[in-house]
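Read through the structure below, which is laid out as C-alpha cells, and then see the notes.
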Amino acid sequence: MKNLCLKVIIIVLSLCKAAYADRTTWYVHPDSALNTIQAGLDSCADNDTVLVGAGTYVENLVWPNTLGINLISELGPGATIIDGGNTASVISLDFDSLTHSATIRGFTIRNGNTAYGGGIFARGVVCYILDNIISDNSASCGGGIYAAVHSELAGLACHVHDNIISDNSASHGGGIYFRGGPMIGPGSFEISGNTITNNDAVERGGGICTAQLQHTHINTNIITYNMASNGGGVFTDFSPDPENDIVTISNNIINHNTAAEHGGGIGSVDTSSWGGVVDSVVGNIMVGNLAGYGGGVSARMDYVYGNTICDNSALHNGGAMEIWGGPSVVRCNEMTDNSAVNDVDGIYIHTWNSDEIIIDSNDIYANGYGLYNPDTGFTVNAEHNWWGDASGPYHPTANPGGLGDTVSDYVDFEPWLFWPVGVEEQPIAKPLETHETLHATIFRGPLHLPEGKTCRVFDITGRVVEPDKITRGIYFVEIDNKIVQKVVKIR
C-alpha cells in the first residue's frame, strides 16, 4: 500500500512539473530581438508570461485569443511605460467568452484615446489589473479603465487592485467605468486599494462609474479631487434589477471631490434618471466634498453605517447627505460641520415614495440645520441621535428649548441621546456580557455625561476609564449601575 501511494505521488508531481515546464516566459526589452510587447503577447501559448524590461513602448496592444497570459513589468511602473500615442486604447482585451483570464501588473499606462477604455478596455475576460499607474487617458466611457460583460453572457470578475489612477477624463467614469448587463450572473467587480485622483467626467462618476452590476465592491480606496456633473467621487448608474444588484462602498477615503449637481462624494441619482441603488455605504471617511445637492452623498441607499461625513458643502441642500427614497437605514454615523447655502446643512430627505427611512444612533451636530423632511406624506424615524446638546434638537414647536441642530416637521426625534462619549482606560475590571445588543454612537471631541447621575465608562475589556482622557476605541457607558450605551471614539 505504501509503495502504491508513493507511486501516485510521484506521478502527480511529474504531471505538475510537466505542466509548469510547458509555460514560457517571454522577455521583452527595447534592445533585444523581442523588442515590442505585442510581439511578446503574440508569441504566448496558454498561461505564458510576458516579462517586460524597463523602457517606453509606444504601442496599442491587442490581447491575443490565448488563455491566462500574465503581462508583468520587470522593474515596475516608474521604469516601464506603455504609451498609446492618443490613437486608441493602450491595452484592449475583447472576447466573446469568459474562458479567458489575464493579468496586467506593474506598468505606467498612458495617452490612450478612444470611445471605451482609454487606458484599458476589457470585455468578456476575467482581468486582474494590479500595481499600475494609469494616467492621462481619455474616452467617452472609462477614461482610465472600461470593463464590461458581453450582453449575452453571464458572470464576470474584474479586479482592480493597488493602482494609481489619475488625470484621466471621460463623459462617464473618468477613472473607471464598470458595466454589467441583464445576464451578468454571479461574477463580481472589485475595486480595492487604489488611489483614484484628479479624474474628471462630463456627466457621471469623476472617479468611478458603475452600471447594471451585481456584486460590485468598492473598498479601501483613496478617492480624491475628482470631478463630474453627478457623483464626483463615485456614481452608481442605472440598474435593471435593483432588488438583486449588490453595490457596496466601504472603508474608503472619499475627500475633496466635486459634483456640479448631485453627490460630491457619492451619487446614484441625477435629474435625468433615477440612477442606481447602493446596497451599503459603510465605514467611509468623506470630508471636504462639494456638490449642488448632497455634498457628501446624494443617493438611493439601503444601509449607511459607521461613516464619518464632515466638512462637506452643498450649494443648495444636504451638505452632508441627500437621501432619495427608502427603505433606508442610516445608523452610527458622524455628520458634523457640514454646510449648505439653502440652510439644510445636514441631511435632506428627497423622496418619491413613503417607504420607511430610519436615521438613528448618529452624531448629527455643528451643522446648523441637521435634518429636513419636506414630504408631508410620512414621518422620518430619527430617534436616538446626538444633536449637539443634551437639550436635544431645536424645533420651533416640538422642542423650542433645544440647543442642538435644527430639525423640520415630519421628523420623529424623541427620544434623543444626551451625550457623545470618549474615554481612556483605568485599571478596574468589570465583565461586559450584554453589550452586543447596544446601538453604537460614533463621535469625536470630548465626552459629556448627564449630570446628577452615577456614571462610569468601561473599555472593551471591561476596565474603567476616565471620561476626560480620550483615545480612539470602543467603550460602554454605565448610568446608575446599568450599561446603557456603546460609543466609538474616532478622534
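Quick test of your reading of the structure: L6 fulfils all but one of (1) modelled with pLDDT under 70; (2) surrounded by 14 or more Cβ atoms within 10 Å (Cβ to Cβ). Name the failing condition by number.
It is condition (2) that L6 fails.
Is it the case, given these coordinates, that I91 is of a type outside the set (F, W, Y) and within 20 Å of D136 (Cα to Cα)?
yes
Checking the condition crowded, with 24+ Cβ neighbours inside 10 Å and without any contact (Cβ under 8 Å) to a residue 60 or more places away in the chain, which residue from G325, G295 passes?
G295
Can you give me the number of residues within the range 79-129 that are in a strand (DSSP E or B) and either within 24 Å of T56 (Cβ to Cβ) or of a type in the set (A, V, I, L, M, F, W, C) (or both)?
The qualifying residues number 24.
Taking the range 379-396, which residues are polar (S, T, N, Q) and either within 23 Å of P446 (Cβ to Cβ) or modelled with pLDDT of 95 or more (or both)?
Correct list: N385, S391.
Of all residues in the range 190-221, which are part of a loop (DSSP other than H, G, I, E, B) and of a type in the set (A, V, I, L, M)?
Residue satisfying the conditions is L213 alone.
Determine which member of the set I133, I176, I120, I129 is under 21 Å from I223 (Cβ atoms), over 20 Å from the mean Cα position of the chain (by Cα), modelled with pLDDT of 95 or more and crowded, with 20+ Cβ neighbours inside 10 Å.
After applying the criteria, what remains is I120.
Going through the range 452-470 one residue at a time, which ones are modelled with pLDDT of 70 or more, assigned to a strand (DSSP E or B) and not charged (D, E, K, R)?
If the condition is that a residue be modelled with pLDDT of 70 or more, assigned to a strand (DSSP E or B) and not charged (D, E, K, R), then C455, V457, F458, V464, V465, P467 are the ones that fit.
Which condition does G76 not pass, out of (1) assigned to a strand (DSSP E or B); (2) in contact (Cβ under 8 Å) with a residue 40 or more places away in the chain; (3) not charged (D, E, K, R), if it passes all the others?
The single condition G76 does not satisfy is (1).
So, in the range 38-58, exactly how many residues are more than 15 Å from L75 (Cα to Cα) and either in contact with a His (Cβ under 8 Å, 6 or more places away or on another chain) or not assigned by TED's automatic domain parsing to the domain that holds R105 (or both)?
0
Quick one: is I479 at pLDDT 80 or above and either among the basic types (K, R) or over 23 Å from A340 (Cβ atoms) (or both)?
yes
The values are calculated or read from the model by the stated rules, or taken from the named source; none is laboratory data. What you see is a predicted model, and the numbers here were worked out from it, not measured in a lab. All Cβ positions, glycine included, derive from the backbone under ideal geometry; neighbour counts span all protein chains shown.
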